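Taking it in order: structure first as structure tokens, then the write-up.
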Amino acid sequence: MDKHNTINIWIRYLFPVFLALFLGALIFLMAQFREPPGFAWYGVFWFIGVVFLIWECGWWVAKRLDQKYSWRTATLKRLLIQIVATNILGVVLFLGSFILLNSYEVYIKGADNHLGILHIAVSIAEAFIIVQMVNSVQIGYQLMANWQSLQLEAETYKKESAAIRLAQLQREIDPEFLHDNFDHLKSLIQKSPEKVSEYLKQLSDNYSEHQSKLVGILANIQQALQQKVMVSDEEPTALSPASHKKRFLVRSGNRLFMINVSDIVLFYKDDIVLLYTKEGKKYPVDLSLEEVSLQVNPQHFFRINRQFIIHDQYLSDMKVEGNQMLINLTVSFPKPLMVSQRNISGFKRWLDR
């Protein structure tokens, strides 16, 4: 049994037992100083039962409020309603059962123990004290559980982000990168030796950029995975369809509206990042291309070069030109779409997945 479940059992079941027994014995002893003495031994069982009823009423009120008022969005309103409702129920339960028990002693057992205003006032005060003790434990527990839930959600999001970054890393790592480039280098040495120097410089720059990008992604993954995940009854999934955006919020003039991912042909960078729709409209996106690539589904979107992320739904055909690949879309787009040399092998695997 884990620590979290042990705390649950202690708060929900064992604490009220201790509270009822302690307060029951205390009130019974105090009642013996009344003149004539207060309730007999059965008064302890009455008091214990009342404390349990007040305790269970507190959970019943909390459960009903959970359906209408969230601790996250209506904290103050929820707190006030819970305190007022539990105090009213607690006083009614305590005072009502107190009067019934006293009536039993007076009219059934013939005890000379009639209630006075002072007795009723003391009973109401006792009820308030008991309810506040119950509320302090129950509300404190609910706030702690809500905080744990928020923390778990935040840490789960970090893990999902790390998994998405890992998926991106797997797409970025191209085992055929150097192999393809060296094959091209051999051909270049034979056909155009004067271009070898320029090609080697380009290859070096591409490899350095590729390596630094992978190092950055790995650092982000390591940072996310170093965060502790709290123990819960359900293990969060590392990567699910819910992790990917289904729509993007965009602005046009003073209007805001949503664009479904299925209607997006591509994302591209032109001073700022824009998305391009199947209707031929473009809208600014307040994200970098790196952030976009982490938020869209990698099964359907691929970053072909530094400037473009394309949607497979709108691919028409590809044309190989030398060591480059030209992409044609099913919709009109004003700029040429070229797969960068280092991404061609990964792009082919993505298409043939």
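The values are calculated or read from the model by the stated rules, or taken from the named source; none is laboratory data. This structure is a prediction, so every number in the text was calculated from the model and none was measured. Cβ atoms come from the backbone with ideal geometry, glycine included; neighbour counts cover every protein chain shown.
Some points to look at:
- Exactly one residue out of 64, 12, 72 is at pLDDT below 70 and in the same structural domain as residue 100 (by TED's automatic domain parsing), and it is 12.
- Selection of the stretch 333-346 for residues being touching a strand residue (DSSP E or B) at 6+ places or on another chain (Cβ under 6 Å) and under 19 Å from residue 276 (Cβ atoms) yields 337, 338, 339.
- Scanning the stretch 87-115 for residues that are assigned to a loop (DSSP other than H, G, I, E, B) and under 50 Å from the mean Cα position of the chain (by Cα) yields nothing.
- Pairs, first in the same structural domain as residue 319 (by TED's automatic domain parsing) in the stretch 332-353, second outside any helix (DSSP H, G or I) and acidic (Asp, Glu), C-beta under 7 Å, six or more apart: 342/174; 345/174; 345/176; 346/174
- Leading residue by the ranking (surrounded by the fewest Cβ atoms within 10 Å (Cβ to Cβ)) among those in the stretch 81-95 that are under 12 Å from residue 61 (Cβ atoms) and among the hydrophobic types (A, V, I, L, M, F, W, C): 84
- Of all residues in the stretch 278-299 being free of Cβ contacts under 8 Å to residues at least 24 places away in the same chain and under 30 Å from the mean Cα position of the chain (by Cα), the one that is farthest from residue 250 (Cα to Cα): 290
- Count of the stretch 268-305 residues, restricted to those that are in a strand (DSSP E or B) and modelled with pLDDT under 90, is 1.
- Qualifying residues in the stretch 306-323 (those that are surrounded by fewer than 15 Cβ atoms within 10 Å (Cβ to Cβ) and in a strand (DSSP E or B)) - the one nearest to the chain's Cα centre (by Cα): 316
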